[in-house]
Amino acid sequence: MNKAAFSVVVAGAVVIGLAFRLGWLDLRPMHHDEANQAVRFGQLLETGEYRYDRNDHHGPTLYYLTLPVAWARGQATLASLDETTMRVVPALFGAGFILLLPLMTRGLGRGAVAAAMLLASLSPALTYYSRFYIQEPVLLVFIVGFLIAAGRYAAGGGVTAVVGAGVCAGLALATKETAAPILLAVV
């Protein structure tokens with residue numbers, strides 16, 4: 001596949017992925033897990049404090065990433081939040097996963113990456129879960145980012161690859177505890 005065709009597929013996959021993930025985020029009511037996450041975020045929004053409870057909740061990454069969205073939409077209390085505010089961060093991360101795939105072109109080739117991007121942009125499961133206020137879309141981006149950076153380091157990459165892997169690993173762990181066994185499986 002030549003560069004021009006690859007560029008068209010990349011742009012198309014991103015547009016499709018964004019359209020499927022960002023459209024009509026307020027179409028359905030909040031799922032019980034989303035509502036639980038929203039209450040945790042509302043506490044951070046209203047008080048400026050987040051307290052991690054390893055027995056009951058996940059890390060603060062999703063909540064802190066949602067703060068600028070709420071501020072930009074003029075929402076300062078839990079009661080003022082809506083589904084769109086809550087779901088836009090996971091939706092953007094769901095589309096962000098598609099944008100990570102071109103970073104694998106050197107190892108997989110343009111054809112394989114183009115196919116993966118199109119399939120990911122159209123994937124019912126990836127689209128569905130990217131439209132929930134849950135940690136998994138954010139976790140996916142950080143885990144895949146870690147894998148890409150670790151792969152680049154293994155292929156002779158330098159400090160940038162190591163720092164990238166470290167940042168992604170740290171953010172994955174700060175997002176959800178289940179990142180630990182995934183990261184350990186790579187090592």
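The values are calculated or read from the model by the stated rules, or taken from the named source; none is laboratory data. This structure is a prediction, so every number in the text was calculated from the model and none was measured. Here the Cβ is made from the backbone with ideal geometry for all residues, glycine too, and neighbour counts use every protein chain on show. Surface accessibility is based on the protein's heavy atoms, side chains included, excluding ligands, DNA and RNA. Shrake-Rupley method; radii C 1.70, N 1.55, O 1.52, S 1.80 Å.
A single entry from 26, 53 fulfils the requirement of being in a loop (DSSP other than H, G, I, E, B) and more than 27 Å from residue 124 (Cα to Cα): 53. Just to be sure, is residue 33 open to solvent by 30 Å² or more (accessible area, probe 1.4 Å), acidic (Asp, Glu), assigned to a loop (DSSP other than H, G, I, E, B) and more than 24 Å from residue 104 (Cβ to Cβ)? Judged against the criteria, residue 33 is not a match. Only one of these is without any contact (Cβ under 8 Å) to a residue 12 or more places away in the chain and among the β-branched types (Val, Ile, Thr): 61, 84, 66, 47. Name it. It is 47. Checked against (1) under 22 Å from residue 41 (Cβ atoms); (2) in contact with a helix residue (DSSP H, G or I) (Cβ under 9 Å, 6 or more places away or on another chain), residue 145 passes all but condition (1). Scanning region 1-23 for residues that are surrounded by fewer than 19 Cβ atoms within 10 Å (Cβ to Cβ) and either in a helix (DSSP H, G or I) or within 20 Å of the chain's Cα centre (by Cα) (or both) yields a total of 15. Taking region 118-134, which residues are out of contact with any Gly (no Cβ under 8 Å at 6 or more places or on another chain) and open to solvent by less than 30 Å² (accessible area, probe 1.4 Å)? Answer for region 118-134, where residues must be out of contact with any Gly (no Cβ under 8 Å at 6 or more places or on another chain) and open to solvent by less than 30 Å² (accessible area, probe 1.4 Å): 123, 132, 133, 134. Taking the criterion of being buried (at least 20 other Cβ atoms within 10 Å of the Cβ) and under 17 Å from the mean Cα position of the chain (by Cα), the only residue of region 103-117 that qualifies is 117. With respect to (1) in contact (Cβ under 8 Å) with a residue 24 or more places away in the chain; (2) farther than 16 Å from residue 34 by Cβ, the lone exception for residue 115 is condition (1).
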